[in-house]
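*Asks:* Have a look at this one.
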Amino acid sequence: MDFSNEKITLVQPDDWHLHLRDGHILNAVLASTARVFRRAIIMPNLLPPVTTVEAAIKYRRRILAAIPEGISFTPLMTIYLTDDLSPDVIELGHKEGVFFGAKLYPANSTTNSADGVTDLQAITPLLETMERIGLPLLIHGEVTDPDVDIFDREAIFIEQKLIPLLSRHSSLKVVLEHITTEQAVQFVETCSSNLAATITPHHLHFNRNAMFDGGLRSDFYCLPVAKRERHRIALRKAATSGKSCFFLGTDSAPHLRSYKESSCGCAGIFNASVALESYAEVFDEEGVLDRLEAFSSIFGPDFYGLPINKNSITLEKRPRVVPDFLEVRKADNSVEKILQFHAGETLNWSIASN
Ligand code: NCD
Ligand code: ZN
C-alpha cells in the first residue's frame, strides 16, 4: 500500500455484503459498486427470494449483463435459506460453483425476509451440509420476537441463537453481517477464526439520534437499526483495529424514494456510490488510514479463502459534495430517485480517475 497525507493507493477492495435488487434498480445501481469493488457478495432477498440453483444462475446472468463495458466485476451469489429448503439444493449449487454462501434471515427480521427461517433448530440438516462442504453461513443477527426491544435484538440474538448455533456447528464458517453493537464486537473478536463480522459505513458515521433529528428521518433507518453512541464508537474501534475478524461489507440497500418517504418506510441505506470514500473518512478521522487496505481488501478474501485482488485503486484528498440522488429510469422511461448516503455532505476523499 502506498500512502501519504494526500493520496492513498490500495489493493482493489471487495464488498462482502451488497443488495443490488433487480430490473431497473439493478441497472441503475450496479455501476456504483463495479467502478470500485472487484467482487461482491450479492444478497438473495429478492421478491421472490433466490432459493434455487436456477434462480441464482439467472440472477447472476442479469447482473453480468448490467456491468458497464470495460469493467471487471464478479458477483458472488448466495442462496436464501428457508425452513423447507432441501440440503440437496445447497450441495448442488455449491458443487456447480454457483453458491458462494447461504444467507440466514430470521423470518420477518428485515426487508423481504418473510420467507426466512422460523426455527434455527429445524434447519440443522442444512447447516450440517454447509459445514461438511465448507459453504459459509451469512447471518442477519437479530431476534424477531416482538416483545424484544428493537435496540436489543442483535445482542439477544448472539446470546440466544448464535452461541448455541456455533456450538452445534463448530466447524461452520459464519459471518455476522452488519454488526451494530459493542456486544457483537466483543463476541466476534474473542471467538474462533471461523467467525467474522462485516461493518457498514453508515453504522460508523451516525448513531440512533440521526433518525429523530428535528423530525422522523427514514433516510437513516436501516436494519439492524443504528444504536447508541457508545456502540458506534465500539464499531469504529473494531473496524480500524487492524483485527482480521472485521472487514468491509457495505450493506448498500437501495430503495426508491417513494418507498422511503412513507408512513411505513423501508429499511435500508443506499451507500454504494460513496462507500469507499465514506470508510476512508472514518479511518482518516481515527488517524489510521494505513489500516484501511487490510479492512477493505485483505481480511475479507483471507477469511473466504479467495486470492487478493491484483489491481489497485487510488483515493486522493479532494473534497467533493455528494449529490443527493441517483436517478433510476423505469421501463416506461419515467425517472425515480434513490437518496445517496452522505447526500449534500462534503467527503474529503475521492477516487482518483487515474
Ligand atoms: C436490507 C434491504 O433493504 O434489503 N435492509 C437494511 O436495512 N439493511 C436488508 C438487510 O440487510 O437487513
Ligand atoms: Zn443487507
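*Asks:* Straight-line reach only, C-alpha to C-alpha below 25 angstrom: list the lysines that LYS260 could link to, leaving out same-chain residues fewer than 8 apart.
*Replies:* LYS103, LYS227, LYS330, LYS337
*Asks:* Once the dipole of segment 2-351 is set up with Lys and Arg at +1 and Asp and Glu at -1 on Cβ about the Cα centre, which of GLY249, VAL117, VAL335 lies farthest towards its positive end?
*Replies:* Result: VAL335.
*Asks:* Over segment 172-301, what is the mean sequence separation of C-alpha contacts under 8 Å (at least six apart), divided by residue count, expressed as relative contact order in percent?
*Replies:* Relative contact order comes out at 27 percent.
*Asks:* Report the percentage of all Cα-Cα pairs in segment 24-135 whose separation exceeds 24 Å, rounded to a whole percent.
*Replies:* 27 percent
*Asks:* At 10 °C and 1.306 mPa s, what whole-number value in µm²/s does Stokes-Einstein give for the translational diffusion of segment 284-337, with Rh from the Kirkwood sum over Cα pairs?
*Replies:* 105 µm²/s
*Asks:* Give me the percent relative contact order of segment 226-354, please, defined on Cα pairs under 8 angstrom at least 6 residues apart.
*Replies:* Taking the mean separation of contacting Cα pairs over the length of segment 226-354, I get 27 percent.
*Asks:* Which distance in nm do the two modelled labels at GLU96 and LYS317 give, with both placed 7 Å along the Cα-to-Cβ direction?
*Replies:* 5.2 nm
*Asks:* Please give the peptides 199-209, 244-254, 115-125 ranked by average Cβ packing (other Cβ atoms within 10 Å per residue), highest first, as a rough proxy for protection.
*Replies:* Peptide ranking by packing, descending: 244-254, 199-209, 115-125.
*Asks:* Out of every Cα-Cα pair in segment 246-354, what percent are more than 19 Å apart?
*Replies:* So the portion of pairs separated by more than 19 Å is 56 percent.
*Asks:* Could you give P(r) for segment 126-183, binned at 5 Å from zero, as whole percent values over all Cα-Cα pairs?
*Replies:* Result returned by the calculation: 4, 19, 27, 23, 15, 9, 3, 0.
*Asks:* Another question, then. Dipole of segment 2-351, Cα-centred, from +1 at each Lys and Arg C-beta and -1 at each Asp and Glu C-beta, to the nearest 20 debye?
*Replies:* 660 debye
*Asks:* Work out the charge dipole of segment 2-351 with +1 on the Cβ of Lys and Arg and -1 on the Cβ of Asp and Glu about the Cα centre, then indicate which of ILE313, TRP16, LEU289 is farthest towards its positive end.
*Replies:* ILE313
*Asks:* With the Cα gyration tensor of the chain in hand, convert its eigenvalues to equivalent ellipsoid semi-axes via √(5λ) and list them largest first in whole Å.
*Replies:* Semi-axis lengths for the chain are 28, 23, 22 Å.
*Asks:* For a Förster distance of 30 Å, can you work out the FRET efficiency between the beta-carbons of ALA114 and ASP302, rounded to the nearest 0.05?
*Replies:* My answer for the efficiency is 0.30.
*Asks:* Which whole-Hz couplings ³J(HN,Hα) result when phi for each residue of segment 213-220 is put into the Karplus expression 6.51 cos²θ - 1.76 cosθ + 1.60, θ = phi - 60°, listed in order with x for Gly and Pro?
*Replies:* Once θ is set to phi - 60°, the couplings for segment 213-220 become 7, x, x, 8, 10, 5, 4, 9 Hz.
*Asks:* Another one. What does the helix-only formula give at 222 nm for the chain: each DSSP H stretch with n ≥ 4 adding -39500 (n - 2.57), the total divided by the residues, and the result rounded to the nearest 500 deg cm²/dmol?
*Replies:* Computed ellipticity for the chain at 222 nm equals -8000 deg cm²/dmol.
*Asks:* Which stretch or stretches of segment 254-286 have amide N atoms under 19 Å from the point lying 7 Å from ASP332's Cα along the Cα→Cβ direction?
*Replies:* Residues 256-260 qualify, since their backbone N sits under 19 Å from the label point.
*Asks:* OK, next. If you average the alpha carbon positions of segment 124-162 and of segment 257-297, how far apart do those two centres end up, in angstrom?
*Replies:* For segment 124-162 versus segment 257-297, the Cα centre distance is 24 Å.
*Asks:* For GLU285 and SER171 in the same chain, what is the full-extension length gain: residue separation times 0.36 nm, less their Cα-Cα distance, in nm?
*Replies:* 37.3 nm
Bear in mind that the values in this text are calculations on the coordinates, not laboratory data. Just so it is clear, the model here is predicted, and its values are computed rather than measured. All Cβ positions, glycine included, derive from the backbone under ideal geometry; neighbour counts span all protein chains shown.
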